[in-house]
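Asks: Handing you this structure, nothing more for now.
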Amino acid sequence: MAEGPHYRDRSVLIHGKFRSEKWDFQDHITPPITTAVTFRLRSAERGAAGFQQFANPNINRDTATPIYIYERLDEPCSGMLEENLAFAERGETAVVFATGMAAIAAAIGIHVRQGDHIVMPPAIYGCTYSHVVNWLPRFGITHTLANFQNEDALRAAIRPETRVVYFETPTNPTMELIDLEMVARVVAEVNATRPADQRVVSIVDNTFASPFGQRPLTHGIDFVVHSLTKHIGGFGTNMGGVVIGPRRSETDLLLYRKDFGGSIAPDTAWHVSVYGLPTLPHRLEVQQRNAALVADYLAEHPAVAQVWYPGRADFPQRALAERQMRDYDGNFAPGSMLFFSLRGSLQESYEAAMRVSNHIAAHALSVTLAVSLGQIKTLIEHPASMTHSAIAPEVQMQGGILPGGLRLSIGLEDPRDIIADLERALA
Ligand SMILES: *Cc1c(COP(=O)(O)O)cnc(C)c1O
């Protein structure tokens, strides 16, 4: 896409590259789904060349015609999706995985070994938290939970053996934002005095905002991870994940995927390429418009204590939101996720949140009680008892995950119906 006419982001997301080396599909309007687990090698020499080529740092994956060997290593549908995801996030390379968690495990896993240390905030996606807190210590990898709102606290948490600074913005589920450029600056300062093999990398989970709403690499962050299961897949039919970052990490990401086995299914990659990514800007724009209406409605409701939506004027970090949450055209993009808390004591608000959830489960059409997010269907869930229940209650409170808090992922329904369903449940 370097030469020739310039097309806008929305158009490129629909078409991808005009021609891809991953498959000769110049006569296909959509690419074929390939389902072969193994590939004919034609000759011993070509087979050897395929193994030479795989994950070879000296071969440019964008221009080389791949010799495919075995589906777990690489195959055309995921290769095409990777090209388009790298474009969407403005990254040099993308490697896709079977789930968001497989991508997160890889993004962290390629950077740590026994004795290393990770810094992350206490409020983070529950399985990411559990991965770092419950599993990595078995391999001698430790962590510190730091306050990323305080630049000095973040700096102080980074030790000589720290290799990864990991975070989300907006934070799941509280919608608290973390300043991308502040984190990039702190990491750059630390790295300025370190040899290459002791550098810290920054990794951000951009699942909540999606690449439509925020492109962290352009703010100096090293790696972006996504659950493709959410906004990018968009329809709630397939699971996937991706790591997007510098070319120098491509080899390790491909080898990690090969050896830990978290490869994406080709038909999943195909669905995300053909249905998900091309429609992302259009879905998000409408969902975001609906979210603003729902946020304003909830903020006025007497049973609601507080609403956290980056698009509201009273959002505590509104200036930061306006700085880093921007769509492809540069417009403010506060997204389609919101968090709100119910009034009452800790116990009362917890019980009220359970009652609202149960009412919705039993009676609502346009709002569904379910975990996950970023679909065309509006989903509500209770983080304290569901997605974030792996986090101890004291740590939940420390991270702002209130017992009476409910998370909404706004979909494409008529906003009047979403509001009416919420009205009945809150009554
Ligand atoms: C869902 C989610 C994940 C994990 O993704 P899976 O595809 O379910 O493995 C990670 N981070 C965030 C913010 C998520 O919402």
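The values are calculated or read from the model by the stated rules, or taken from the named source; none is laboratory data. It should be emphasised that the depicted structure is a prediction, and the values quoted were computed from it without experimental measurement. Quick reminder, even Gly has a Cβ in these numbers, built from the backbone with ideal geometry, and neighbours come from all protein chains shown. Please note that ligands, DNA and RNA were not included when accessible areas were found on the heavy atoms of the full protein model with its side chains. Shrake-Rupley method; radii C 1.70, N 1.55, O 1.52, S 1.80 Å.
Asks: Answer yes or no: is there a residue in segment 351-368 that is within 24 Å of A146 (Cβ to Cβ) and in contact (Cβ under 8 Å) with a residue 60 or more places away in the chain. Full working, then the answer.
Replies: In the first step, residues of segment 351-368 are kept if they are within 24 Å of A146 (Cβ to Cβ); the result is none.
Looking through segment 351-368, none of the residues is within 24 Å of A146 (Cβ to Cβ) and in contact (Cβ under 8 Å) with a residue 60 or more places away in the chain.
Asks: Scan segment 177-193 for residues that are under 18 Å from the mean Cα position of the chain (by Cα) and open to solvent by less than 10 Å² (accessible area, probe 1.4 Å) and jot them down.
Replies: L177, I178, L180, V183
Asks: Among the residues of segment 99-106, is there at least one that is part of a loop (DSSP other than H, G, I, E, B), surrounded by fewer than 21 Cβ atoms within 10 Å (Cβ to Cβ), under 16 Å from the mean Cα position of the chain (by Cα) and within 15 Å of the ligand (Cβ to nearest atom)? Quick ask: steps written out before the conclusion?
Replies: Start the filter on segment 99-106 by keeping residues that are part of a loop (DSSP other than H, G, I, E, B), which leaves 99.
With the extra rule that they be surrounded by fewer than 21 Cβ atoms within 10 Å (Cβ to Cβ), the set shrinks to 99.
Retained after the next criterion (residues that are under 16 Å from the mean Cα position of the chain (by Cα)): 99.
Subset that is within 15 Å of the ligand (Cβ to nearest atom): 99.
Checked segment 99-106: at least one residue is part of a loop (DSSP other than H, G, I, E, B), surrounded by fewer than 21 Cβ atoms within 10 Å (Cβ to Cβ), under 16 Å from the mean Cα position of the chain (by Cα) and within 15 Å of the ligand (Cβ to nearest atom).
Asks: Of everything in segment 1-21 that's under 25 Å from the mean Cα position of the chain (by Cα) and in a loop (DSSP other than H, G, I, E, B), which residue is modelled with the highest pLDDT?
Replies: Here the answer is R8.
Asks: While we're looking at this one, here's another question. Could you tell me which of the residues T207, T174 is within 26 Å of N84 (Cβ to Cβ) and either crowded, with 23+ Cβ neighbours inside 10 Å or within 14 Å of the ligand (Cβ to nearest atom) (or both)? Show your work before the answer.
Replies: Values: T174 fails: within 26 Å of N84 (Cβ to Cβ).
Result of the check over T207, T174: T207.
Asks: Would you please name the residue that is nearest to T378 (Cα to Cα), looking only at residues in segment 271-321 that are in a helix (DSSP H, G or I) and among the small types (G, A, S)?
Replies: In the first step, residues of segment 271-321 are kept if they are in a helix (DSSP H, G or I); the result is 271-300, 318-321.
Narrowing further to those that are among the small types (G, A, S): 273, 276, 291-292, 295, 299, 319, 321.
Numbers: S273: 23, G276: 17, A291: 10, A292: 14, A295: 13, A299: 18, A319: 27, A321: 23 Å.
Selected residue: A291.
Asks: Let me ask something additional. Restricting the search to segment 294-319, which residues are among the hydrophobic types (A, V, I, L, M, F, W, C) and surrounded by 19 or more Cβ atoms within 10 Å (Cβ to Cβ)? Lay out the reasoning, then the answer.
Replies: Looking only at segment 294-319, we keep the residues that are among the hydrophobic types (A, V, I, L, M, F, W, C), and these are 294-295, 298-299, 303-305, 307-308, 313, 315, 319.
Scanning segment 294-319 gives V294, A295, L298, V307, W308, F315.
Asks: Testing R90 on (1) touching a Ser or Thr at 6+ places or on another chain (Cβ under 6 Å); (2) buried (at least 22 other Cβ atoms within 10 Å of the Cβ), one condition comes back false. Which one is that?
Replies: Just one mismatch for R90, condition (2).
Asks: Then there's this: If I filter segment 63-79 for residues that are assigned to a helix (DSSP H, G or I), open to solvent by 20 Å² or more (accessible area, probe 1.4 Å), more than 16 Å from the ligand (Cβ to nearest atom) and assigned by TED's automatic domain parsing to the domain that holds T268, do I get at least one hit? Give the derivation first.
Replies: In the first step, residues of segment 63-79 are kept if they are assigned to a helix (DSSP H, G or I); the result is 76-79.
Now restrict to residues that are open to solvent by 20 Å² or more (accessible area, probe 1.4 Å): none.
No.
Asks: Could you check, for segment 31-38, whether at least one of its residues is at pLDDT 90 or above and over 27 Å from the mean Cα position of the chain (by Cα)?
Replies: Scanning segment 31-38, I find at least one residue that is at pLDDT 90 or above and over 27 Å from the mean Cα position of the chain (by Cα), so the answer is yes.
Asks: Filter segment 210-242 for residues that are crowded, with 24+ Cβ neighbours inside 10 Å and of a type in the set (F, W, Y) and give the result.
Replies: F212, F223
Asks: Which of the numbered conditions does D197 fail, given that it passes all the others? Conditions: (1) within 12 Å of the ligand (Cβ to nearest atom); (2) open to solvent by 40 Å² or more (accessible area, probe 1.4 Å); (3) farther than 17 Å from L280 by Cβ.
Replies: (1)
Asks: What is the one condition in (1) charged (D, E, K, R); (2) under 19 Å from G91 (Cβ atoms); (3) surrounded by 16 or more Cβ atoms within 10 Å (Cβ to Cβ) that K258 does not satisfy?
Replies: (2)
Asks: Take the residues of segment 322-345 that are within 22 Å of the chain's Cα centre (by Cα) and under 19 Å from H382 (Cα atoms): which is surrounded by the most Cβ atoms within 10 Å (Cβ to Cβ)? Explain how you work it out, then say what you get.
Replies: Going through segment 322-345, the residues within 22 Å of the chain's Cα centre (by Cα) turn out to be 322-340.
With under 19 Å from H382 (Cα atoms) added as a condition, the list becomes 336-340.
Details: S336: 32, M337: 28, L338: 27, F339: 24, F340: 27.
Residue satisfying both the conditions and the ranking: S336.
Asks: Hey, another quick one. Do you know which residues across segment 366-402 are of a type outside the set (A, V, I, L, M) and open to solvent by less than 20 Å² (accessible area, probe 1.4 Å)?
Replies: S366, G374, T378, E381, H382, P383, H388, Q396, G399
Asks: Between a residue in segment 133-145 that is open to solvent by 40 Å² or more (accessible area, probe 1.4 Å) and any residue that is at pLDDT 95 or above, which pairs come within a Cβ distance under 6 Å, given they are 6 or more apart or on different chains?
Replies: T142/H117; H143/I118; H143/V132
Asks: Given the conditions (1) surrounded by fewer than 19 Cβ atoms within 10 Å (Cβ to Cβ); (2) within 20 Å of T174 (Cα to Cα); (3) over 26 Å from the mean Cα position of the chain (by Cα), and given that A362 satisfies all but one, which numbered condition is not satisfied?
Replies: With respect to (1) surrounded by fewer than 19 Cβ atoms within 10 Å (Cβ to Cβ); (2) within 20 Å of T174 (Cα to Cα); (3) over 26 Å from the mean Cα position of the chain (by Cα), A362 is out only on (2).
Asks: Okay, next question. Return the residues of segment 210-244 that are of a type outside the set (A, V, I, L, M), within 11 Å of the ligand (Cβ to nearest atom) and touching a strand residue (DSSP E or B) at 6+ places or on another chain (Cβ under 7 Å); say none if nothing qualifies.
Replies: Matches in segment 210-244: H226, S227, G240, G241.
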